[in-house]
Amino acid sequence: MTTGLSTEGCRARQRKMRDHLTRTQLDAALVCDRRHVHYLTGYWCPAVFAAAVLVERDGPTTLVTPHPLDFEPAADTVFHYPAQRLATLIDDQTGAAVEAIAAPLRRRQRIGVDGPVLPWAHPAAEWADLRPALLAMRRRKAADEIALLRRAIAATEAAYAYAVEALRPGVTEVELFAGMQAAAAESAGEVLGEFGNDFQIGSPGGPPRRRPAQVGEVAVFDLSVTLRGYRSDMCRSFVVGRRPTAEQADARARILDALRHVERVARPGLSCRFLCADAVGLLEGYRGWSFPHHLGHGIGLSAHEAPRLNPEWDDTLQAGDVFTVEPGLYGTELRAGLRIEQIYHLTETGLEKLTTFPTNLG
């Protein structure tokens, strides 16, 4: 079984966690968020169950799962907890997972945790919040994470390939949603997580409706495929009937200008507010159209994470970031509006575009 994350990558992240434990004088890290369990061990837990991992500063990494595994995770010891009785799920899955490692947990006094504290698990312990440290670790994407994100992006692009062929006057948004989801799952070759985000036609975005497409409208499809917790996020805009107006073609050209500008100037240390101001200067008010939303955001184990290309945050680009850039223009004569979103990986040597699907409107 392929985990999607490598043993080497997971062990490297465990070492970073132990470095954090040493700096903060914590004895152990208790991780129960299934995204973080995957991040540290390579084990992806189905949503109806729970898992836990205990990383001891000067001891082993212990993983708890609801069932035996058919692969070797990045853990020194693996325990299983009783997740069901005669095929009926127990109520407190997380509690049962943590109880399975009660003995090593209670030998530790100062423990970091990535979610709500479970005081019954160790009443005498001092608990610390690990979430800021994990978010900081997660920002710099490792090679195995990039590989998994590429798989999610490929599944997203398969969904767009389906949409290009199926989008025609009269088709409903729900029909397109179902077909795109199927195409993404077939590309990934496994069960997907949440499939988002925007599926409306003749609208800047929203969930799919039983509404038929009309000639000349713009379908702003902003798709996110979630694969073992890792999320893609990209947007393409298509004209129903495949005959863009002169105004729609001009809006697309202006949006691509904004994307090219980001590609030219993005580098580690650059202010995200600076990038946003540049985009607003290029887009807001152009031919009377508006650009009312953020320029982009980081992706990974969350739909939105640092860096935030948004003037409401004072973020700075860092090497290792994976982020989207999604300029758009909206106005009545555009039949709602257009948005194009690309995904980039910022390295020490430059910006790498991870998305490849064409940006044509028709």
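The numbers here are math on the coordinates, done by the rules we state, and not lab data. Owing to the predicted nature of the structure, the values given are computational and were not obtained by experimental measurement. Cβ: placed from backbone, ideal geometry, glycine included. Neighbour counts: every protein chain shown.
Values computed for the structure shown
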read-out: Estimated [θ] at 222 nm from DSSP helical runs (n ≥ 4, -39500 (n - 2.57)) normalised by residues in the chain, nearest 500; value: -10500 deg cm²/dmol
read-out: Calculated FRET value between His293 and Glu72, using beta carbons and R₀ = 41 Å, to 0.05; value: 0.40
read-out: Leading residue at positive end of dipole, region 143-353 (Cβ point charges), from Val265, Gln248, Ala306; value: Gln248
read-out: Prolate/oblate/rounded label for region 7-138 (Cα gyration tensor, a/c 1.5); value: oblate
read-out: For peptides 84-94, 332-342, sequence by mean Cβ density within 10 Å, most packed first; value: 332-342, 84-94
read-out: Cα-Cα separations in the chain greater than 25 Å, expressed as whole percent; value: 58
read-out: Long-range amide H partners of Asn197 with built H, under 5 Å; value: Asp222, Leu223, Ser224
read-out: Gyration tensor verdict on region 143-353 (Cα atoms; rounded if a/c is under 1.5, prolate if a/b is larger than b/c, oblate otherwise); value: oblate
read-out: Helical segments meeting 24 Å axial Cα length and Kyte-Doolittle -1.0 threshold in the chain (DSSP H); value: 143-166, 246-265
read-out: For region 212-323: span of alpha carbons on each principal axis (Å, largest first); value: 43, 36, 23
